[in-house]
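Nothing in this text is a laboratory measurement; each read-out follows from the coordinates by a stated rule. The structure presented is a predicted model; accordingly, all values stated were derived computationally and were not measured. Here Cβ is always computed from backbone atoms with ideal geometry, including for glycine, and neighbour counts include all displayed protein chains.
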Amino acid sequence: MKLTLFSLLLILTGLSIQNLSAQETKSISSPDGNLTIIIQLDKDGALSYSFNAFKQAAILNSPMGYSAGNSVSVPSSGWAIKNSEQHSVISVWKPVWGKRSVVPDEYNEITFNLIGPDTTKLQHLCLEVRAYNDGVAFRYSVPDEEKNSLIATSELTAYHFAGDYTAWFYNGENANIGPVKLSENDAKRLPVMTVKASDKLYMAIHEANLATGDPLVLQSTKGSTSFSVVSNPGTLKAGFQSAWRVILCGKTPGTMVDSHMIELLNPPAVGDFSWVKPGVAVWDWRIDGAQVDGFTYGMNYPSWVRMVDFAAENNIRYLVLDANWYGPEHEAKSDPLKGDKVNDVKKLLQYGKEKGIGIWLYLNDVGGRKFPIEQTLKQYGDWGAAGIKYGFMRGNPTEKNEWTRKITELCAQNHLLCDFHDGPVHPYGQMRTFPNAITREYCHAQLDGHHVFVPSTFVTTVFVNMLSGPIDMNNGMFDLRQGKTTRVDENQPVPSTLVSEAARTLIVFSGATIIPDIPEYYRKYPDLLKFIASQKMPWQESKTLSGEIGEYIVEARQANDGVWLVGAASNESPRELDIPLSFLKRGKYDMTIIQDGDNAHYLTNREVLKSEKKIMKPSETVHVKLAAGGGACLIIKEVGRLN
């Protein structure tokens, strides 16, 4: 049997309506048996679920289905389960790029086909439920046999948590909301919603495969430990399919960081995406105005050439050009095909090709909509651009999702990578269907919006925002002087340390790791530059070795040449960590260990570090000291096998 095609089909049909009791309850568990979701259809037609994790209740009986107003709900009185089908899948997914090269795809699934009485306007509804080892998910659909339609006014799905747990929420381009008790929330919240139930139970609420309709919005009332979905579902009719409602779960928050469940709930890619190449990128936005050795950097051709040369010397795959290259980005007359520096950009694209460096082009929503988007993206592809960074998309959430999906598909047709900025729709696993959707600014990117973020924001974001998918956070600033810098766009000092900035470039999962500083600052610190240059994607493996939300994280990734890299980052508190090397195969390894320097501090002594080399074995442990707001970086190369 081929593992990639193996599917244990346990079709359970023959559950006719006549054979059902007044109350129907069915459960399905994860392959390892640790997670269980229970589905119940009451005698009055109310559909609900509950969720148990590691032998304890995590979410109590919570409603499912839809409301159509005027006390009309689907399902309701008179509805029954026509039949159900259950099966198990044991397979693998080999992504074009991702956290690892081979992803287990194993789950148990049950599908309920519900039917309503002749008196209801809508008579058919399907509920599909899956249980993975790292979470559960369900979605609704209306089968093709349905002849009628129903305008749903709201989705009934809710999450009645079993305790007054601690939670964190996405908060736009600001520090995340939280930690906050569930009962203290009294407003709408956006995903990802990360929940700590205990030291051994963590959950996250999100969605996957949002094809149509409103992106997920949650709401609670003060004093309650329950959250409801308040997104507008649209019209229920034949062919309707909701997004997957996802509950990630693990004994550690790192389990959710390492999860692929969101991607796996999306359709696989169709066509050839072998041209998609993730990697590190330099960027022209933050360098503007920087002065060094008599040269002043700007967003212009001479500076671009210097950046391309630096990238070519250091295994950095891309240069990202930001706003205003074709004219003021927010002005309607700025032509993204003919404006301002277009001729310089065409020349740069050719120079980059000669050097093996791909060039990304910025496109503002004004130009993206005023000029035919199909023509613009085809022209960028014909020019040989590597990708687009799309900014300031307008519209309501549903419109933005539709426009994002259209641009992503058009980019795929023209062999362009894409990065959406400025309040983008949250990632929901698009990278599986369209591997060119390699990152988006679903976070507070460093120095963006004319404000900086503090270390605790970073070590919260990686356990909240990053659970949704790849994010663009612009880490890796090396000019950390105490006073104002010479950068034009934003000259605030960055509250971090050199080593932490380098570690963050590895920790954040993204298909485009965009570093913001000038070459001269990276060259000042050769060991840290080597750490960044060693990030040869796509990753072969990733492991979150340890961490706690808002406190710290230790992440390990294996580059495509076999080199292991480890990045550790702390919040505003200094800490000492022991990093076990048991994730390595048996052998001897050359270790470069880079730590914050003595008396380093994210506010007062940022640009100090110390580095050492050792030969170590997988049975050993690396002890590191992280300064307040600091970090540690490890470069691990195998040098021999042990007998």
Next on the checklist: Restricting to DSSP loop positions (anything but H, G, I, E, B) with no more than 14 other Cβ atoms inside 10 Å of their own Cβ, which trypsin sites (Lys or Arg not before Pro) remain in segment 470-575?
Outcome noted: 481, 484, 524
Next on the checklist: Please report the net charge: other residues with Cβ closer than 15 Å to the Cβ of residue 596, K and R +1, D and E -1.
Outcome noted: -2
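Which pairs in the list 355/406; 346/378; 347/400 are over 21 Å apart, alpha-carbon to alpha-carbon?
Exceeds cut-off: 355/406; 347/400.
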Checklist entry - What are the lysines whose alpha-carbon lies under 24 Å from the alpha-carbon of residue 55, with same-chain residues fewer than 8 places away excluded? => result 26, 181, 196, 200, 251
Checklist entry - If you keep only loop residues by DSSP, which trypsin sites (Lys or Arg not before Pro) in segment 358-400 have at most 16 other Cβ atoms within 10 Å of their Cβ? => result 394
Checklist entry - Among rounded, prolate and oblate, which fits segment 3-264 when a ≥ b ≥ c are the square roots of the eigenvalues of its C-alpha gyration tensor, a/c under 1.5 means rounded, and a/b larger than b/c means prolate? => result oblate
Next on the checklist: Starting from the 7 Å offset along Cα-to-Cβ, what nm value, one decimal, do you get for the label separation of residue 576 and residue 331?
Outcome noted: 6.0 nm
Checklist entry - In degrees, nearest 10, range 0 to 90: what is the angle between the Cα axis of helix 498-507 and the longest Cα principal axis of the chain? => result 40 degrees
Checklist entry - So which lysines can residue 617 reach, going by Cα to Cα under 16 Å and dropping same-chain residues fewer than 8 places off? => result 585, 588, 637
Checklist outcome for this item: In segment 266-370, the GluC sites (Glu not before Pro) that sit in a DSSP loop and have at most 15 other Cβ atoms within 10 Å of their own Cβ are 331
Next on the checklist: What is the angle, in °, between the Cα long axis of helix 373-383 and the longest principal axis of the Cα atoms in the chain? Nearest 10 is fine, range 0 to 90.
Outcome noted: 40 degrees
Checklist entry - Across segment 427-442, in residue order, what do the Karplus-derived ³J(HN,Hα) couplings come to in whole Hz, using 6.51 cos²θ - 1.76 cosθ + 1.60 with θ = phi - 60° and x for Gly and Pro? => result x, 9, x, 4, 5, 6, 6, 10, x, 6, 7, 8, 5, 7, 7, 8
Checklist outcome for this item: Out of 396, 364, 407 - ranked by how far each Cα lies towards the positive end of the dipole of segment 352-455, with unit charges on the beta-carbon of charged residues - the top one is 407
Next on the checklist: Cross-link candidates for residue 536: which aspartates and glutamates have Cα within less than 13 Å, leaving aside residues fewer than 8 places away along the same chain?
Outcome noted: 561
Checklist entry - Taking Cα atoms, how many degrees apart are the long axis of helix 301-313 and the longest axis of the chain, rounded to 10 and kept between 0 and 90? => result 80 degrees
Item to check | Phi to ³J(HN,Hα) by Karplus 6.51 cos²θ - 1.76 cosθ + 1.60 over segment 353-366, Hz, x for Gly, Pro | outcome: 4, 5, 8, x, 10, x, 10, 8, 10, 6, 9, 7, 4, 4
Item to check | Residue exposure sequence - 309, 578, 517 - by fewest surrounding Cβ within 10 Å | outcome: 578, 309, 517
Checklist entry - Can you tell which of 630, 558, 573 lies farthest toward the positive end of the dipole of segment 542-643, using +1 and -1 charges on the Cβ of basic and acidic side chains (Lys, Arg; Asp, Glu)? => result 558
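Nothing charged except the Cβ atoms of Lys and Arg (+1) and of Asp and Glu (-1): what's the magnitude of the dipole of segment 270-426 about its Cα centre? Round to the nearest 20 debye. Walk me through the numbers before you get to the answer.
On the way: 19 positive and 21 negative charges, 46 e Å.
The dipole of segment 270-426 has a size of about 220 debye.
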Checklist outcome for this item: Other residues with Cβ under 15 Å from the Cβ of residue 618 give, with Lys and Arg +1 and Asp and Glu -1, a net charge of +3
Next on the checklist: On a 28 Å Cα-Cα criterion, which of the cross-link pairs 94/614; 94/370; 277/530; 389/625; 147/370 come out too long?
Outcome noted: 94/614; 94/370; 389/625; 147/370
